[in-house]
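Quick notes on the structure that follows.
We did not get these values from a lab; they are worked out from the coordinates using the rules stated. Predicted model, so just to flag it, every value in this text is computed and none were measured. Please note: Cβ atoms are built from the backbone with ideal geometry, for glycine as well, and neighbour counts cover all protein chains shown.
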Amino acid sequence: MRKILIQLDTDPQPSVFDRVVAVDAGVDELFSYGGVTPENVVGLVHGAIFTRGVPDLKNTAIFIGGSNVAAGELLFKKVQKTFFGPMRVSVMMDSNGSNTTAAAAVLAARKQMPLAGATALVLGGTGPVGHRAAQILAAEGAEIRVASRTRDKAEQTCFAIAEAVSAARVTPFATGTPAELDAACDEVSLIIAAGAAGVELISTERRLNLPSLKVAVDLNAVPPLGIGGVEVMDKAKDRNGVICYGAIGVGGTKMKIHRAAVARLFESNDQVLDTAAIYAIGQSL
Amino acid sequence: MRKILIQLDTDPQPSVFDRVVAVDAGVDELFSYGGVTPENVVGLVHGAIFTRGVPDLKNTAIFIGGSNVAAGELLFKKVQKTFFGPMRVSVMMDSNGSNTTAAAAVLAARKQMPLAGATALVLGGTGPVGHRAAQILAAEGAEIRVASRTRDKAEQTCFAIAEAVSAARVTPFATGTPAELDAACDEVSLIIAAGAAGVELISTERRLNLPSLKVAVDLNAVPPLGIGGVEVMDKAKDRNGVICYGAIGVGGTKMKIHRAAVARLFESNDQVLDTAAIYAIGQSL
Amino acid sequence: MRKILIQLDTDPQPSVFDRVVAVDAGVDELFSYGGVTPENVVGLVHGAIFTRGVPDLKNTAIFIGGSNVAAGELLFKKVQKTFFGPMRVSVMMDSNGSNTTAAAAVLAARKQMPLAGATALVLGGTGPVGHRAAQILAAEGAEIRVASRTRDKAEQTCFAIAEAVSAARVTPFATGTPAELDAACDEVSLIIAAGAAGVELISTERRLNLPSLKVAVDLNAVPPLGIGGVEVMDKAKDRNGVICYGAIGVGGTKMKIHRAAVARLFESNDQVLDTAAIYAIGQSL
């Protein structure tokens, strides 16, 4: 029985990126849909769950993608609500690569330092990747500082993380002024930058004045990067005593996680690959 | 040479259901199109018939689907009109599963009783599945009562069936009032219910007062079913002396017919799988 | 590693014709997109170039098609501009079959006569196929007459050909009046007709009065053809001393070129299959 992946993309054109990865993950047949919404997804899910017997449903799975992560999350919920009893297929959500990228960023840091008890600053921490990286770090027992230009947005993300991870230690930080940024950086050993493309969030000068900093991960692929001095190809590159990773340096791990997660979908018909599950797959590689 | 199925769907998104079945029927390559109309289909059909030599055209075929059965019928006609001479590929029409479901319903009844000469009532007989079930029964030599809320619509369906099946014995029945329903049910040995989801067409009480009734097939998957007392999983279930089938009880046969019909498309390049042909495939299983 | 072809079509529905040819050319996975524009193509190209390592990128390629050749040319340029350094995949442009048809037409003539130094008239020479046929002939060293109803349009095409082929000898001809047509036909040994469907550009009578004419190729598939007396199935058919080809007579070679060009895409990741490259592939068959 051939392995079918149903790609549900919230963008008008289904992502080529996700399609190539699906092929390379060993999927036999790929059904790609663009413009998928919670309103038009129900019939597609019914087609997935009503066509093969329950013991065979592990050979059908759903992948949710697209550039709009919030839209992907709504779709992810709606797909799960459409299942009932054993009539379900495995489903993975990775809109804009958010889960696989966040997992790869945290795994890069984890190779270099213990995360439990570490103080970690996530810049751009309210965006989809930053939010997810902070959540994974919180689950690993790190003390998280979620940074955003305004404290309000950072606070909302902290509430969401505290809801997802019961023992989470998360604090919101505004980083709109230099003084606020000083406070956010004080005594951190890990910085992950997941801000908007082409915006420097921390200057090289400031970075060199953080004696506690051990690891810096920058997920921005378009220069200037978010952390001054880090380069996009950096992969465990020692820069003045700080181990640095750039977006491409983290990219190989991200791709491996993505492929492994797609392959995992076909091991049973009840996998729900969300942020935590995708990180767990990354850990097992 | 790989077997290519071109799925032409009248809905905006091509059906996942039909795609999975096509894969499981052994199709090698599936080209899926949504939003197909008689206006935009000609170029697609030309692409099917002008790309391989005539002896190889049996490896390309067309499947017409979508939730709107009337739109599917128009497309089915237009596709056939676009062929010319030996420049043609096999084509199957099963919008909303109408042909495969009707065929499976009649085959279920046929297992339990002779159809020739039987008096059969089709409730919801003017809808796509009801109409097709009535037509197949008429071709089997049964005496058909096509039931609808108003006699007018039922009459139109009867005319259409009489045109399709020369020796058809079909009578329209209104079932808007209890007295009309009594008349429609009188002395029937088979009832097939193909009405709207969630509408009970015959109560349990009435059903128990039909001594001539031998088989009841209900194609409604959402309770309450169309025939009181029948359950969706019923498969040749004896209920007070009546053999009962529910929608899921008939579903296994429907899936087998659907897969066999898709496979049949690739035996030559001139198959036209309409209601009668799909029923004939069901009989041969 | 599976060979992936990404079909970018400027029409709303991606061409079935191009999909079947891709399958028959040995492509393993076909990602088909309709409605592709220079505006929405960038993300699709990024998905092609950022998913596999550079040594593996030869297993991913792009095909540009659709009925609008000018739109396809814009897309072809935009796709190439999106590549950078080694981050590229091979790309082929054949909107409306223009390149493969023009190549096949010239190859048919080339079998029958030397092209270098020949005087060739291209009727409908400003359309996509005519323009390309004239350009290929110019590169082969023929003396080209680009014919159009008005001289202005023919002149523009000549300028474009002169820019593409440095040593091109091209002259614009108006063919709006019988006298103009007489002048255009005078002493030509090859005529290729690539005009609008169903329009006769040269009558049988006129053709029979061209003693210098050796080969006539008509690319019109709908009668009346562009050159009086030629028939659509003609394949090196001698008609009163002129070797004639019709659209279907040329079609076999066109299909072979199309399949070979698609296969060629996967030999390296830096092929750019434009008019000249596709003709070169045709020559090598």
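Summary of values
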read-out: Mean separation of Cα contacts under 8 Å (6+ apart) over length of chain A, as relative contact order %; value: 18 percent
read-out: Antiparallel %, DSSP beta bridges [both residues in chain B], to 5; value: 10 percent
read-out: Built amide H within the under 5 Å cut-off of B:Val170, gap 5+; value: B:Ile144
read-out: Hydrodynamic radius by Kirkwood, which averages 1/r over all alpha carbon pairs of the stretch B:6-138, in angstrom; value: 16.1 Å
read-out: Within the stretch A:140-285, percent of DSSP bridges classed antiparallel, to nearest 5; value: 20 percent
read-out: Percent of beta bridges antiparallel (DSSP, the protein assembly as shown, rounded to nearest 5); value: 10 percent
read-out: Partners for C:Lys81 among lysines (Cα-Cα distance below 25 Å; same-chain residues under 8 apart left out); value: C:Lys3, C:Lys58
read-out: Tensor-based shape of the stretch B:124-165 (alpha-carbon gyration tensor, a/c under 1.5 rounded, otherwise prolate or oblate); value: prolate
read-out: Among A:Ala263, A:Ala103, A:Ala160: highest mean-square fluctuation, GNM of chain A, C-alpha pairs under 10 Å; value: A:Ala160
read-out: Full-extension gain in nm, B:Val272 to B:Glu163, via 0.36 nm per residue minus C-alpha separation; value: 37.4 nm
read-out: Pseudo-label separations to other copies for B:Ser212 - Cα-to-Cβ vector, 7 Å, nm; value: 9.0, 9.0
read-out: 10 Å Cβ neighbours from other chains, averaged over peptide A:4-15; value: 3
read-out: Inverse of mean 1/r across different Cα pairs in the stretch A:141-218, Kirkwood, Å; value: 13.2 Å
read-out: log10 of Debye I(q)/I(0), alpha-carbon scatterers only, for chain C at 0.07, 0.08, 0.13 Å⁻¹; value: -0.26, -0.34, -0.84
read-out: ³J(HN,Hα), Karplus 6.51/-1.76/1.60, whole Hz, each residue of the stretch A:276-282, x for Gly, Pro; value: 5, 5, 5, 5, 4, 5, x
read-out: Inter-copy separations for C:Ala164, label at 7 Å along Cα-Cβ, nm, ascending; value: 5.3, 5.3
read-out: Within chain B, longest stretch free of exposed GluC sites (Glu not before Pro) [DSSP loop, at most 13 other beta carbons within 10 Å]; value: B:40-186
read-out: Fluctuation leader among C:Phe173, C:Phe159, C:Phe84 - chain C, Gaussian network, Cα springs under 10 angstrom; value: C:Phe84
read-out: Hull shadow area, averaged, the protein assembly as shown [alpha-carbon convex hull, nm²]; value: 42.7 nm²
read-out: Cα→Cβ-extended label distance, 7 Å offset, between B:Lys81 and A:His46, nm; value: 3.1 nm
read-out: Amide H contacts of A:Ile6 (H built 1.01 Å from N, under 5 Å, at least 5 apart or other chain); value: A:Phe31, A:Ala61, A:Ile62, A:Phe63
read-out: Reduced Cα scattering model of the stretch C:76-117, Debye log10 I(q)/I(0), q = 0.27 Å⁻¹; value: -0.91
read-out: Inter-label distance for A:Lys256 and A:Leu208, nm, one decimal - labels placed 7 Å from Cα along Cα-to-Cβ; value: 3.4 nm
read-out: Whole-Hz ³J(HN,Hα) from phi, Karplus 6.51 cos²θ - 1.76 cosθ + 1.60, for the stretch B:73-88, glycine and proline x; value: 5, 4, 5, 4, 5, 5, 4, 5, 5, 7, 5, 8, x, x, 7, 7
read-out: HN-Hα J in Hz across the stretch B:107-119 - Karplus 6.51, -1.76, 1.60, θ = phi - 60°, x for Gly and Pro; value: 5, 4, 4, 4, 5, 9, 7, x, 8, 4, x, 5, 9
read-out: Most mobile of C:Pro55, C:Pro14, C:Pro223 in a GNM of chain C (Cα contacts under 10 Å); value: C:Pro55
read-out: Copy-to-copy label separations for A:Lys77, where each label sits 7 Å from Cα toward Cβ, in nm and ascending; value: 4.6, 4.6
read-out: Per residue, the convex hull volume that the Cα atoms of the stretch A:101-250 enclose (Å³); value: 84 Å³
